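The values are calculated or read from the model by the stated rules, or taken from the named source; none is laboratory data. Note that the structure is a prediction, hence the values are computed from the model and not measured. Cβ coordinates were reconstructed from backbone atoms using ideal geometry, including for glycine residues, and neighbour counts include every protein chain displayed.
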């Protein structure tokens, strides 16, 4: 599943931008499950102090359930921007973007918040856990904004922590946990709402090689166990190689795609 | 559900930085306690004066020279005892008309002396003003007719001059003239606003007082009306009669209700001004709230970004921070109310200044403090809600 549209397009000599549809929206119906994330010619332009910055200049891709996708590129390539868009943290300037089947390009803020709460789960490079808050409470946070009852929140948080191997550290606060442990708590938090896709922005950036590998393994395992899609944004080609498909971006467009193992 | 969570988050946030929360609250605490205390003092003064005026007696008409208006200076009296008789005839009963002439004099006995308020009165005084006796008897008509040198002492005068000894039958010297004590009044109990002891008095026949002071004048003329219904009409008739006797002069008949009305307005205004001044500190406290909330929002920008990333809506963030501000002000308000009420109780008990806490003033103060929290907290809360999650997450 998910590899139907692997295609390699040529990267031309420097200066030539390959504007490509890697996995096209024009996929024949019935060719696989509906994409969890679907971008068509998505652009994002920021206005900063009077200057326009084109962070994304036309990206199309699709992520299906169970995909393990790496978005690779150097700093400034637009990969983080792409992830933010895919997760509903931001809206595209133009183009079509469907998250969980819903068109987010015209969505209001509250609806986007709902997407972030239910359809996607984020993992950040800097972990972004709430300080002075226990692991359980950290993991349960998305459920708070869903209106879940306290007891059920706790139940599900504990289960999520167990799934990432942190069941023995429920009460610990972030300053009592190592980097790798904190990231695992963050992954549990991303899981707890049972999203369709996990979006991880440089999840191993603040970890040493071994911990980083463990985190990627964990993500891969969770993906097979639960059928979620996982999208990892990284500049590390080694990490990228562990995904089943790599999308290489540069200067706001997709340069090429590599179908992995 | 989210509301309960927001309360919990707010409490945690405030508890995390206890010192900062306490200092921020201080402005509201001071403001609220000042308002509660000053309103209590204003109210206490009003209640005090009301009690005194009502304690004079009931259905009273006080006849004063001049036109009684707000802030007018008292005119000196030209009334004499013959005017008192005339009023008595007009009312139809001379027993309910009392006249006084007042002076401050030294009263001596043996080796003790006091400086007291000496009132020359008609024998009818107890009919008009409530003046219960502790022992002996009051002045008689014959005393007034014959200018007899007898005196009734107020409770404090008797106490200071005679201690535990029996004053009745003994001699005192008032302004150098000897009088025999025939009665002692009971303690009146109300402490006068201003500190003067209302029981440091002596009552002598008005005629004897006039001779003592070398005057024919009557300072005060009071009538006890038969009922409240006709009191204003009676007052008008008395004034008309006096103005007839003294053409060109003005007189006024004042009821307790009128006095209370004027006093009520003056003290009500005073209370309001005091409260308004105290509210300024509440305003300053509110500004402090805004300031700290803005700092708090900036400090927690990343946290806000994260909350939005996991699904918090703009509204959720706004409510969270607004609750924090309201929590600060309402807790501060409660502490302020406690301090204000305690302060009022202390002042009332241990100082000559009266203070009475009305039931609505703590409620109002609480409501205002909650309002201050909302008013001064909404701007920072809005700012928190509007933060862009992407930028917020990137913040240091």
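Yes or no: residue A:123 buried (at least 20 other Cβ atoms within 10 Å of the Cβ) and either facing chain B (nearest Cβ under 9 Å) or touching a helix residue (DSSP H, G or I) at 6+ places or on another chain (Cβ under 6 Å) (or both)?
yes
Taking residue A:87 as meeting all but one of (1) within 14 Å of chain B (Cβ to nearest Cβ); (2) modelled with pLDDT under 90, write down the number of the exception.
(2)
For the range A:60-76: of the residues being farther than 11 Å from residue A:247 by Cβ, assigned to a loop (DSSP other than H, G, I, E, B) and touching a strand residue (DSSP E or B) at 6+ places or on another chain (Cβ under 8 Å), which is nearest to the other protein chains (Cβ to nearest Cβ)?
A:74
In the range B:156-190, what residues are without any contact (Cβ under 8 Å) to a residue 60 or more places away in the chain, surrounded by 21 or more Cβ atoms within 10 Å (Cβ to Cβ) and in contact with a helix residue (DSSP H, G or I) (Cβ under 7 Å, 6 or more places away or on another chain)?
Listed by number, the residues that qualify are B:167, B:184, B:185.
Collect the residues in the range A:192-222 that are surrounded by fewer than 21 Cβ atoms within 10 Å (Cβ to Cβ) and part of a helix (DSSP H, G or I), keeping them in residue-number order.
A:209, A:210, A:211, A:213, A:214, A:217, A:218, A:220, A:221, A:222
For the range B:308-322, which residues satisfy the criterion of being within 14 Å of chain A (Cβ to nearest Cβ) and in a helix (DSSP H, G or I)?
Hits for the range B:308-322 are B:308, B:309, B:314, B:315, B:316, B:317, B:318, B:319, B:320.
Name every residue in the range A:106-120 that is touching a strand residue (DSSP E or B) at 6+ places or on another chain (Cβ under 9 Å) and facing chain B (nearest Cβ under 8 Å), in order of residue number.
Correct list: A:116 only.
How many residues does the range B:97-127 hold that are touching a helix residue (DSSP H, G or I) at 6+ places or on another chain (Cβ under 6 Å) and under 23 Å from residue B:225 (Cβ atoms)?
9
Condition check: under 19 Å from residue B:215 (Cα atoms), outside any strand (DSSP E or B) and touching a strand residue (DSSP E or B) at 6+ places or on another chain (Cβ under 7 Å). Does residue B:85 satisfy that?
So residue B:85 does not fit the description; no.
Somewhere in the range B:133-152, is a residue within 30 Å of residue B:46 (Cα to Cα) and part of a strand (DSSP E or B)?
Checked against the condition, which is being within 30 Å of residue B:46 (Cα to Cα) and part of a strand (DSSP E or B), the range B:133-152 yields at least one hit.
Looking at (1) within 30 Å of residue B:348 (Cβ to Cβ); (2) part of a loop (DSSP other than H, G, I, E, B); (3) in contact with a strand residue (DSSP E or B) (Cβ under 9 Å, 6 or more places away or on another chain), which one does residue B:188 not meet, given that it meets all the others?
Unmet condition: (3).
Here are B:396, B:303: which of them is at pLDDT below 90 and closer than 26 Å to residue A:131 by Cα?
Within the list B:396, B:303, the selection yields B:396.
Out of (1) touching a helix residue (DSSP H, G or I) at 6+ places or on another chain (Cβ under 9 Å); (2) outside any loop (DSSP other than H, G, I, E, B); (3) away from chain B (no Cβ under 14 Å), what's the single condition that is false for residue A:152?
That leaves (3) as the condition not met.
Looking at (1) more than 9 Å from chain B (Cβ to nearest Cβ); (2) closer than 30 Å to residue A:173 by Cβ, which one does residue A:100 not meet, given that it meets all the others?
The number of the failed condition is (2).
Answer yes or no as to whether residue B:200 is within 24 Å of the chain's Cα centre (by Cα) and within 23 Å of residue B:118 (Cβ to Cβ).
yes
Within the range A:126-149, how many residues turn out to be more than 7 Å from chain B (Cβ to nearest Cβ) and not in a loop (DSSP other than H, G, I, E, B)?
Of the residues in the range A:126-149, 7 are more than 7 Å from chain B (Cβ to nearest Cβ) and not in a loop (DSSP other than H, G, I, E, B).
Conditions tested, residue by residue: (1) away from every other protein chain (no Cβ under 14 Å); (2) outside any helix (DSSP H, G or I); (3) surrounded by fewer than 15 Cβ atoms within 10 Å (Cβ to Cβ).
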residue	(1), (2), (3)
B:243	yes, no, yes
B:252	yes, yes, no
B:260	yes, no, no
B:263	yes, no, no
B:280	yes, no, yes
B:284	yes, no, yes
B:289	yes, no, no
B:297	yes, no, no
B:302	no, no, no
